[in-house]
Structures are given as C-alpha cells and as structure tokens.
Amino acid sequence: MLHLTVIGNINNFVTIIPKRVTLRGFAPDPIVRTVKIIPEEKYPFKMVGDRTVNKKYISYELKEVKRSEKTEYVLTVANLKKEKGRYFETIKLKTDSKIRPEISIRVYGYILDRPSAKKK
C-alpha cells in the first residue's frame, strides 16, 4: 500500500454564483433565475459563444456587465416547460481561454401543477 499526499494552492479560474440553476415553480408562471459569471483577475477571459445540447425547456440570455475595471457576465435563464415534470439541461458557454475553453452551467427544472382550490 502506498500513501500519497499532494500539497498545493488551488486557483479558481472563474467564480460562478450560483454554481447550478434550479427552476422550481408552478406552470405556467414565469420562472427565471440569474447567474453571475466572474472571471478571476489572474485568468481573464471573454465569452465568445454558446452551445446548448437541448433548448426545449429553457431559454437564456448572456450579457456582459462592466463593474468598475472588471468585466462580469450575467446569465438569465427562463423556464419554457408548460406542464408538470422535471428536466435537466446544460448550458455550455465558450470562452477565448486556452486554460478553460468551455464553462458548463447545469440547469434543473422542477415544474409543479398549481394546487386546485377545494370547493366547500
């Protein structure tokens, strides 16, 4: 048996808040969430495109925002599913970085039926 210890510093490439998107709510109400994507100062990058395998249940928009000297990105994700059910999507955002040419954002959808009012 061999025991190995690895010691080192871990540098974040990007800060993503929140790391995954949960779209939970009642159909057909609008369900929208935003994600902040903040490049770390040590590893600056620009977004250069996107690719989603399946856009059946979501729509999204990516905007570049300037905060003082820094550039951030705001991803707005909206639910398109009109009936009860669950789904999983992945938004893949392309960057101009050789270190990490793609950033993936997972989207989980939980669409519920609105409870019906009980008659008396």
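Key figures for this structure:
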read-out: Relative contact order of the chain, defined on C-alpha pairs under 8 angstrom at six or more residues apart (%); value: 31 percent
read-out: Exceeding the 23 Å Cα-Cα cut-off - candidates Lys19/Lys66; Lys19/Lys82; Lys42/Lys66; Lys36/Lys84; value: Lys19/Lys82; Lys36/Lys84
read-out: Coil-residue GluC sites (Glu not before Pro) of segment 15-69, DSSP, other Cβ within 10 Å capped at 16; value: Glu40, Glu41, Glu69
read-out: Answer label for P(r) over Cα pairs in 5 Å bins from 0, in percent (calculated), chosen among (1) 2, 9, 18, 21, 21, 17, 8, 3, 1, 0; (2) 2, 12, 25, 28, 21, 9, 2, 0; (3) 2, 10, 18, 18, 14, 11, 9, 7, 5, 3, 2, 1, 0, 0, 0; value: (3)
read-out: Cross-link partners of Lys56 among aspartates and glutamates (Cα-Cα below 20 Å; sequence separation of 8 or more within a chain); value: Asp29, Glu83, Glu89, Asp113
read-out: Trypsin sites (Lys or Arg not before Pro) lying in DSSP loop within segment 1-44, provided at most 16 other Cβ fall within 10 Å; value: Lys19, Lys42
read-out: Förster-model FRET efficiency, 41 Å R0, Asp113 and Lys92, C-beta, rounded to 0.05; value: 0.85
read-out: Per-residue ³J(HN,Hα) for segment 97-109, Karplus 6.51 cos²θ - 1.76 cosθ + 1.60, θ = phi - 60°, Hz, x for Gly and Pro; value: 8, 7, 6, 9, x, 9, 10, 9, 10, 8, 10, 10, x
read-out: Residue order, fewest to most surrounding Cβ atoms within 10 angstrom, among Ser59, Ser97; value: Ser59, Ser97
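Since every read-out is calculated from the coordinates, none of them should be taken as a lab result. Just so it is clear, the structure is predicted and the values come from calculations on it, not from any experiment. For neighbour counting, all protein chains shown are included, and Cβ atoms are generated from backbone atoms with ideal geometry for every residue, glycine included.
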